[in-house]
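J.: Pasting a structure here, questions to come.
The values are calculated or read from the model by the stated rules, or taken from the named source; none is laboratory data. None of these values were measured; they are calculated from a predicted model. For neighbour counting, all protein chains shown are included, and Cβ atoms are generated from backbone atoms with ideal geometry for every residue, glycine included. These area figures cover heavy atoms from the full protein model, side chains too; ligands, DNA and RNA do not enter into them. Shrake-Rupley method; radii C 1.70, N 1.55, O 1.52, S 1.80 Å.
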Amino acid sequence: MIRAENLRKQYDRLVAVDGLSFHVDRGEIFGLLGPNGAGKTTTINMLVGILKPDGGSVNINGADDPTRANVRQSIGYAPQSIAIYDRLTASENLEFFGKLYGITGRRSKERIAWALEFGGLKDTGKKLAGAFSGGMKRRLNLAAALIHDPPILMLDEPTVGVDPQSRNLIFDGIEGLKRQGKTIIYTTHYMEEAQRLCDRVAIIDHGKILALDGIEALIRGHGGSSVIEAELERVPDDASHLPGTLDGRRLRIVTPRPLEELAALGRLNLQFAELRIDRPNLETVFLNLTGRSLRD
Amino acid sequence: MKKTWTVARKDLLILLRDKGSLFWVVGFPLLMGLLLGAIFSGTGRPMTGMQVAAVDEDQTEFSKTFLARLDSLTAVTITTTSRDSAFQLVRTGKRAACVILRKGFGETGGVFGDSAMIEIGIDPARQTEAGYLQGMLAQTAFALLQERYFSSQGIKRELHQLMQDSHAWGGLDSTQKGFATGFLSNLAAFMESTEPDTAASAGTGKTKELMPIAVTAVTDDRARPRSGFEIFFPAALLWALIGAAATFGVSLVKERTAGTFLRLRIAPIQRAHILAGKGLACFITCLSVCALLLLIGHVILGVRVADFGIIVLAMAASSLSFVGIMMFISVLGKSEEAVAGAAWGILLVCSMIGGGMVPSIFMPGWMRAIGSISPVKWGILSFEGGIWRNFTLAEMMLPVGVLLSIGVVGYTVGVIILTRADR
């Protein structure tokens, strides 16, 4: 449904996007995961036709030109910044953006009602957006991208700066959209979000894709081993048969197969004061791939 | 067009809810109109360089010397022309007044006689300066008369002439002639002993009363400003346009920084429609505020509209000009603060040199010349044309042409810079 081939964009000497290629299937949530400045927003802007690539091509629903009206009609875009009008009410914002997509009359009323419900703003539709909390504005920002019921959604860091309640509401909403069969490109630098929502993730840094696969495959391929950390109630007299390293009563085991190791520990009849398993995640994948944290 | 109107309607709704911007678009211009009208309804006089058209119908040595002397004053700059042309120059605001030296001026020295030998045609917007000009005319006339009759040099010259002509005196015997020439010789000797200006100073007391001058306001009979408010309301209208251009210029950059412009660009609507929508909203605001202010001026302050068609043309041309200016100032910075600062900075200078703050008559000549690059000057002139100057359509062509040209250039440059910045 969406295909990017060898996309490239350069600002003076800064290469923002450097030969990005990927495709997104219909009904899939595809994540672009990377730190700030990795090239995620530039990539999205090229996909929707705001920025002209210096090289490469974009194909959306079989069309090579994303600036064509019928292509834009099929895309809903929630920018990273909160792009709503403070001096319009939530309903007026939705009505205005709907009109730009030809949504008027009864259909407009229906869509506005749906979008307010989606954003958890049903009771505040007549309030000025400027009076909203940051989380409410974020939800309205997302709802405005959905007002024309597009099959494709591009969500650029849709949860930046929101409270946990709004974040969960947004997550639930996006999962609902996936169930409706929407195709979604989701950029974030929060690995928890990508891990919860995305079917596949492209990890990008300095404008390049470092790895692209499903979550589990990425972790398996690049996450490294799990770490089991345990504090023993009592250290056995003969500790030489214990796996891993023992420091006082603290036992640390680095293993690619943590469940098997746990079963082996169980057979040793050890008493644990504390037991913790640190499994690799997308954060460790990024760390292993770049030597840096996602939030650096 | 439907989508352009959608964008424009949104901007108008936002403006109506923004009390701060509304003040600059409506309240402040009204305040300026009231203040300027009230201040300048009283007296005032030009500080330098009053631009005056001069007509010499007398064509004598004295009239020519008079005009040359008048032109030598720093407070007056003379352009010699015909009577019709002089009145036209004043009526169109190109000259503050015209001075006409009527036939016979040289014989009376412009001072003596029952009928006025000097005629002043004054721009009604500058009525308060008529008295000032009268004073300068009297000063010039009496300076010439002093040189001719009352200065010590002039009197000595006349005495010597009389003594030389004494042989031709008829009706006097030799004793009487001797007595008369002796008296004249003694008088000449006395004049030699006096200070050069003592005699002259005695003749300057009642100059103005002696000098009859006919003063007429140069307008069509149908339209004549009746108050300072009527004269200064055009400046208030221009302040409204400045406020609208600054407000919409800032709102455009705000859309860019907030991301709503990005959202609009991703919608199935062309960039040209988005910008046209913004321009349409600005245009409607300009027209509406002008109409509102004129209505307030008419109902409360007695400001009339001499020619409805001309005032509509002035409103349309000025509004279009400021739409272009709005587009230009919106690209002067990347943040709201930068654009707001640049916009008000530029527009205040335009207003200052264009007569929006201080009437151009109070400005030195070089500043009045620079003022021609300001849309404010042409806007004021076009509104004056519709309010009381009673301009014809042909006379409106110059201000309207300049205003539209400024608008087109501003809009084009703005759109080009905006397009490049978004690449």
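Yes/no matrix, rows are residues, columns are (1) more than 23 Å from residue B:3 (Cα to Cα); (2) open to solvent by 40 Å² or more (accessible area, probe 1.4 Å):
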site	(1), (2)
B:235	yes, no
B:243	yes, no
B:250	no, no
B:254	no, yes
B:314	yes, no
B:319	no, no
B:324	no, no
B:344	yes, yes
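J.: Here's another thing I want to ask about it. Tell me which residues, restricted to the range A:137-181, are part of a helix (DSSP H, G or I), under 23 Å from residue A:89 (Cβ atoms) and of a type in the set (Val, Ile, Thr).
T.: Step one: list which residues in the range A:137-181 are part of a helix (DSSP H, G or I), which gives A:137-146, A:164-179.
Filter again for under 23 Å from residue A:89 (Cβ atoms), leaving A:137-146, A:165-166, A:169-170, A:173.
Scanning the range A:137-181 gives a single hit, A:170.
J.: Can you spot a residue in the range A:19-40 that is touching a Ser or Thr at 6+ places or on another chain (Cβ under 7 Å), acidic (Asp, Glu) and open to solvent by less than 40 Å² (accessible area, probe 1.4 Å)?
T.: Going residue by residue through the range A:19-40, those that are touching a Ser or Thr at 6+ places or on another chain (Cβ under 7 Å) are A:20, A:24, A:26-28, A:31-33, A:40.
Remaining after also requiring acidic (Asp, Glu): A:28.
Applying the additional criterion that residues be open to solvent by less than 40 Å² (accessible area, probe 1.4 Å) yields A:28.
Taking every residue of the range A:19-40 in turn, at least one turns out to be touching a Ser or Thr at 6+ places or on another chain (Cβ under 7 Å), acidic (Asp, Glu) and open to solvent by less than 40 Å² (accessible area, probe 1.4 Å).
J.: A further question on this structure: Residues B:306, B:291: which one is farther than 19 Å from residue B:250 by Cα and part of a helix (DSSP H, G or I)?
T.: Numbers: B:306 fails: part of a helix (DSSP H, G or I).
Just one listed residue meets the conditions, B:291.
J.: Sticking with this structure for a sec: Suppose the filter is acidic (Asp, Glu) and in contact with a helix residue (DSSP H, G or I) (Cβ under 6 Å, 6 or more places away or on another chain); does residue A:86 pass it?
T.: Numbers: acidic (Asp, Glu): yes; in contact with a helix residue (DSSP H, G or I) (Cβ under 6 Å, 6 or more places away or on another chain): yes.
When the stated conditions are applied, residue A:86 passes them.
J.: Could you check, for the range B:356-364, whether at least one of its residues is surrounded by 18 or more Cβ atoms within 10 Å (Cβ to Cβ), small (Gly, Ala, Ser) and farther than 30 Å from residue B:259 by Cβ?
T.: Yes: one or more hits.
J.: Among the residues of the range A:47-65 satisfying the criterion of being within 9 Å of another protein chain (Cβ to nearest Cβ) and touching a strand residue (DSSP E or B) at 6+ places or on another chain (Cβ under 8 Å), which is surrounded by the most Cβ atoms within 10 Å (Cβ to Cβ)? Break it down into steps so the answer makes sense when it comes.
T.: Taking the range A:47-65 as the starting set, the residues that turn out to be within 9 Å of another protein chain (Cβ to nearest Cβ) are A:48-52.
Filter once more, so that each one left must be touching a strand residue (DSSP E or B) at 6+ places or on another chain (Cβ under 8 Å): A:48-49, A:51.
Values: A:48: 24, A:49: 19, A:51: 19.
Ranking the candidates gives A:48 first.
J.: Of the residues in the range B:258-273, how many are part of a loop (DSSP other than H, G, I, E, B) and either within 16 Å of residue B:1 (Cα to Cα) or in contact (Cβ under 8 Å) with a residue 12 or more places away in the chain (or both)? Show your work before the answer.
T.: Initial filter on the range B:258-273 (part of a loop (DSSP other than H, G, I, E, B)): B:259, B:267-270.
Checking which are either within 16 Å of residue B:1 (Cα to Cα) or in contact (Cβ under 8 Å) with a residue 12 or more places away in the chain (or both) leaves us with B:267-270.
Selection size over the range B:258-273: 4.
J.: Could you please give the count of residues in the range B:202-260 that are modelled with pLDDT under 85 and either under 26 Å from residue B:386 (Cα atoms) or not basic (Lys, Arg) (or both)? Full working, then the answer.
T.: Taking the range B:202-260 first, the residues modelled with pLDDT under 85 are B:202-233.
Among the residues that remain, those that are also either under 26 Å from residue B:386 (Cα atoms) or not basic (Lys, Arg) (or both) are: B:202-205, B:207, B:209-233.
Final tally of qualifying residues: 30.
J.: Still on this structure, I have one more. Among A:262, A:218, A:268, which is more than 21 Å from residue A:190 (Cα to Cα) and open to solvent by less than 50 Å² (accessible area, probe 1.4 Å)? Full working, then the answer.
T.: Details: A:218 fails: more than 21 Å from residue A:190 (Cα to Cα); A:268 fails: open to solvent by less than 50 Å² (accessible area, probe 1.4 Å).
Criteria check complete, one pass: A:262.
J.: Condition first: assigned to a strand (DSSP E or B), within 14 Å of residue A:145 (Cα to Cα) and not aliphatic (A, V, I, L, M). Now tell me which residues in the range A:57-87 satisfy that. Before you say what the answer is, go through the steps one by one.
T.: Here is the first cut: in the range A:57-87, the ones assigned to a strand (DSSP E or B) are A:57-60, A:63, A:75-78.
Filter once more, so that each one left must be within 14 Å of residue A:145 (Cα to Cα): A:75-78.
Those that are assigned to a strand (DSSP E or B), within 14 Å of residue A:145 (Cα to Cα) and not aliphatic (A, V, I, L, M): A:76, A:77.
J.: Can you tell me which residue among B:361, B:370 is in contact with a strand residue (DSSP E or B) (Cβ under 9 Å, 6 or more places away or on another chain), part of a helix (DSSP H, G or I), more than 19 Å from residue B:291 (Cα to Cα) and modelled with pLDDT under 90?
T.: On the way: B:370 fails: in contact with a strand residue (DSSP E or B) (Cβ under 9 Å, 6 or more places away or on another chain).
The match here is B:361.
J.: Confirm whether residue A:281 is open to solvent by 50 Å² or more (accessible area, probe 1.4 Å) and under 30 Å from residue A:39 (Cα atoms).
T.: On the way: open to solvent by 50 Å² or more (accessible area, probe 1.4 Å): no; under 30 Å from residue A:39 (Cα atoms): yes.
No, not satisfied.
J.: Can you find, within the range B:379-423, the residue that is farthest from the other protein chains (Cβ to nearest Cβ) among those that are assigned to a helix (DSSP H, G or I) and of a type in the set (D, E, K, R)? Explain how you work it out, then say what you get.
T.: Within the range B:379-423, the first condition is being assigned to a helix (DSSP H, G or I), and the residues that meet it are B:379-387, B:393-421.
With of a type in the set (D, E, K, R) added as a condition, the list becomes B:384, B:395, B:420.
Values: B:384: 36, B:395: 42, B:420: 12 Å.
Among those that are assigned to a helix (DSSP H, G or I) and of a type in the set (D, E, K, R), it is B:395.
J.: Are there any pairs, at least 6 apart or on different chains, whose C-beta atoms fall under 9 Å, with the first in the range B:324-337 and over 21 Å from residue B:403 (Cβ atoms) and the second open to solvent by less than 20 Å² (accessible area, probe 1.4 Å) and in a helix (DSSP H, G or I), and if so, which?
T.: B:333/B:253; B:333/B:339; B:333/B:343; B:334/B:253; B:335/B:253; B:336/B:253
J.: Another question about this same structure. Conditions first: (1) open to solvent by less than 30 Å² (accessible area, probe 1.4 Å); (2) at pLDDT below 85; (3) more than 21 Å from residue B:247 (Cβ to Cβ); (4) touching a Ser or Thr at 6+ places or on another chain (Cβ under 9 Å). Residue B:382 passes all but one, so which condition is the exception?
T.: Answer for residue B:382: the failing condition is (2).
J.: Which condition number does residue A:209 fail, the rest of (1) of a type in the set (A, V, I, L, M, F, W, C); (2) more than 22 Å from residue A:39 (Cα to Cα); (3) open to solvent by 20 Å² or more (accessible area, probe 1.4 Å) being met?
T.: (2)
J.: Also, I was wondering about something else. Give the range A:88-136 a look and list any residue that's in contact with a Lys or Arg (Cβ under 6 Å, 6 or more places away or on another chain), within 14 Å of chain B (Cβ to nearest Cβ) and not in a helix (DSSP H, G or I), or say none.
T.: A:89, A:103
J.: Kindly indicate whether residue A:44 is open to solvent by less than 10 Å² (accessible area, probe 1.4 Å), more than 9 Å from every other protein chain (Cβ to nearest Cβ) and of a type in the set (A, V, I, L, M).
T.: Working: open to solvent by less than 10 Å² (accessible area, probe 1.4 Å): yes; more than 9 Å from every other protein chain (Cβ to nearest Cβ): yes; of a type in the set (A, V, I, L, M): yes.
Taking the combined requirement at face value, the residue satisfies it.
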